[in-house]
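Student: Have a look at the structure that comes next, please.
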Amino acid sequence: MHSALNYELVARCSVTKARAAVLQLPHGPVPLPIFMPVATQASLKGLTPSQLEETSCRLCLNNTYHLGLKPGQATLDAVGGAHKLQSWPHNILTDSGGFQMVSLLKLAQVTEEGVRFLSPHDGSPMLLTPEHSISLQNSIGSDIIMQLDDVIATTSPDHARIKEAMHRSIRWLDRCIKAHKYPERQNLFCIIQGGLDLELRRQCCEEMVARDTPGIAIGGLSGGEAKTEYCKVVSTCTSLLPEKKPRYVMGVGYPEDLVVSVALGADMFDCVWPTRTARFGNAVTSTGTLNLRHASFAEDFRPVEEGCTCTCCRPTSEGGLGLTRAYIYHVAAKETAGAHLLSMHNVHYLLSLMRQIRGAIIADRYPAFLKEYFVKLYGGDKTKFPDWAVEALGGVGVDLMED
Ligand SMILES: [Zn+2]
């Protein structure tokens with residue numbers, strides 16, 4: 001299959017399965033591993049495109065479902081795609097729209113044809129097929145487009161349905177490949193399904209790798225399954241995937257999940273969590289999440305995180321806003337400004353965490369980085385380290401408990 005990307009391996013961790021690379025995409029290079037913020041309706045909640053650019057983001061996610069409803073395909077075609085619509089000169093990844101429908105619309109029904117649902121606007125019956133999803137994403141013009149897949153909650157007890165969804169996702173990939181009009185400028189990623197059943201995941205990897213898409217996603221996770229199960233699925237899949245293609249684990253954004261998943265061989269992640277949690281007054285920091293709506297921050301005149309270079313925390317003498325925890329406390333409860341500022345900080349935090357991870361892989365000190373990361377997060381108390389992380393990292397040669 002034609003590819004509009006180039007995966008250039010920069011370094012490989014000598015202990016874990018972590019990799020550092022440069023992903024060359026149609027709108028510029030992206031360092032891997034990477035966290036991709038979600039800009040739902042062609043704007044990150046609370047951030048303008050230029051503010052998003054300032055967080056150092058060079059690849060963000062847009063939702064096909066939302067763009068397909070508003071402004072709609074005709075407008076997207078008229079304006080020349082989502083880059084022009086939001087004046088975003090960097091890369092965009094779009095989802096297929098299927099997950100949004102199944103999760104947002106109670107009446108969505110999956111058949112072999114596609115996902116049937118009732119229009120949220122006028123209640124009329126609609127159908128999202130693999131062909132229609134790709135056509136919408138072709139109009140959006142995103143650099144990475146996702147296949148329509150049949151997503152089932154990993155916690156579903158219906159094994160037959162999980163198996164059916166895995167096989168259907170392979171058939172839908174074939175329909176997506178056939179429908180894709182611009183493989184020379186848009187990269188189609190397949191999505192590995194199979195729930196928590198490692199044998200189904202293996203079969204799905206084999207089938208999908210044979211289709212030779214430019215990149216590969218591991219889907220259907222982060223749906224409330226135990227983290228130990230999550231890690232087994234990610235590690236099983238990465239071991240079966242080609243070395244020279246990017247690997248995207250969908251829906252992952254908690255800092256601990258990111259550092260562990262990179263050690264398991266994953267490269268790309270997305271999640272609405274950093275911006276969603278900002279709306280509840282939460283700041284993501286290297287010592288954990290702080291709820292700045294708590295009265296204990298009323299007179300805390302430190303930045304959200306000491307040394308953070310985001311626009312919110314950076315001192316005014318260095319061109320930032322130089323805002324304090326006390327300021328956020330005072331605006332967080334009633335003003336949307338608080339949520340904007342925390343969105344900026346949280347997205348910046350995750351992008352900067354990924355840069356540190358990448359630097360550690362290149363210096364071949366990722367195992368040491370992992371230990372330092374968990375020690376700092378839990379204030380040096382190893383008894384608080386989560387069992388799932390200790391177990392998963394133990395599986396790739398890193399003993400977190402060792403001094
Ligand atoms: Zn900050």
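The values are calculated or read from the model by the stated rules, or taken from the named source; none is laboratory data. Quantities reported herein were computed from a predicted structural model and do not represent experimental measurements. Reconstructed Cβ throughout: ideal geometry from the backbone, glycine too, with neighbour counts over all protein chains shown.
Student: I'd like the residue in the stretch 99-118 that is modelled with pLDDT under 90 and in a loop (DSSP other than H, G, I, E, B) and, out of all such residues, is surrounded by the fewest Cβ atoms within 10 Å (Cβ to Cβ).
Tutor: For the stretch 99-118, the residue satisfying everything is Lys106.
Student: Within the stretch 277-306, count every residue that is over 18 Å from Tyr327 (Cβ atoms) and either without any contact (Cβ under 8 Å) to a residue 60 or more places away in the chain or crowded, with 17+ Cβ neighbours inside 10 Å (or both). Explain how you work it out, then say what you get.
Tutor: Of all residues in the stretch 277-306, those over 18 Å from Tyr327 (Cβ atoms) come to 277, 286-289.
Filter once more, keeping what is either without any contact (Cβ under 8 Å) to a residue 60 or more places away in the chain or crowded, with 17+ Cβ neighbours inside 10 Å (or both): 277, 286, 289.
Matching residues across the stretch 277-306 total 3.
Student: Quick check on Gly307: is it over 14 Å from Ala283 (Cα atoms), more than 22 Å from the chain's Cα centre (by Cα) and not acidic (Asp, Glu)? Write out each step before concluding.
Tutor: Details: over 14 Å from Ala283 (Cα atoms): yes; more than 22 Å from the chain's Cα centre (by Cα): yes; not acidic (Asp, Glu): yes.
Considered against the rule, which asks whether it is over 14 Å from Ala283 (Cα atoms), more than 22 Å from the chain's Cα centre (by Cα) and not acidic (Asp, Glu), Gly307 comes out as yes.
Student: Any residue in the stretch 144-167 that's within 19 Å of Leu127 (Cβ to Cβ) and in the same structural domain as Tyr248 (by TED's automatic domain parsing): show its pairings with residues that are part of a helix (DSSP H, G or I) and among the acidic types (Asp, Glu) at Cβ separation under 8 Å, as long as the two are six or more apart or on different chains.
Tutor: Going by the 8 Å Cβ cut-off, the qualifying pairs are Asp150/Glu164.
Student: So Leu351 clears everything in (1) modelled with pLDDT of 95 or more; (2) touching a Cys at 6+ places or on another chain (Cβ under 7 Å); (3) farther than 19 Å from Tyr254 by Cβ except one condition, right? Which one?
Tutor: Of everything listed in (1) modelled with pLDDT of 95 or more; (2) touching a Cys at 6+ places or on another chain (Cβ under 7 Å); (3) farther than 19 Å from Tyr254 by Cβ, Leu351 misses just condition (3).
Student: Another question about this same structure. Return the only residue of Ser96, Ser87, Ser56 being assigned by TED's automatic domain parsing to the domain that holds Asp150, surrounded by 18 or more Cβ atoms within 10 Å (Cβ to Cβ) and part of a loop (DSSP other than H, G, I, E, B).
Tutor: Ser96
Student: Here's a follow-up. In the stretch 285-326, which residues are among the hydroxyl-bearing types (Ser, Thr, Tyr) and either closer than 21 Å to Tyr254 by Cα or within 15 Å of the ligand (Cβ to nearest atom) (or both)?
Tutor: Here is the first cut: in the stretch 285-326, the residues among the hydroxyl-bearing types (Ser, Thr, Tyr) are 285-287, 289, 296, 309, 311, 316-317, 324.
Thr285, Ser286, Thr287, Thr289, Thr309, Thr311, Thr316, Thr324 - these are the residues of the stretch 285-326 that are among the hydroxyl-bearing types (Ser, Thr, Tyr) and either closer than 21 Å to Tyr254 by Cα or within 15 Å of the ligand (Cβ to nearest atom) (or both).
Student: Filter the stretch 332-377 for residues that are outside any helix (DSSP H, G or I) and acidic (Asp, Glu); which is surrounded by the most Cβ atoms within 10 Å (Cβ to Cβ)?
Tutor: Filtering the stretch 332-377 down to residues outside any helix (DSSP H, G or I) leaves 333-335, 363-365.
Next, only the ones that are acidic (Asp, Glu) stay: 335, 364.
Values: Glu335: 12, Asp364: 15.
Only one residue fits best here, namely Asp364.
Student: Tell me, please, whether a residue that is touching a Cys at 6+ places or on another chain (Cβ under 8 Å), in the same structural domain as Lys376 (by TED's automatic domain parsing) and within 16 Å of the ligand (Cβ to nearest atom) can be found in the stretch 268-284. So that I can check it myself, show each step before the final result.
Tutor: Taking the stretch 268-284 as the starting set, the residues that turn out to be touching a Cys at 6+ places or on another chain (Cβ under 8 Å) are none.
Looking for residues that are touching a Cys at 6+ places or on another chain (Cβ under 8 Å), in the same structural domain as Lys376 (by TED's automatic domain parsing) and within 16 Å of the ligand (Cβ to nearest atom), one finds none in the stretch 268-284, hence no.
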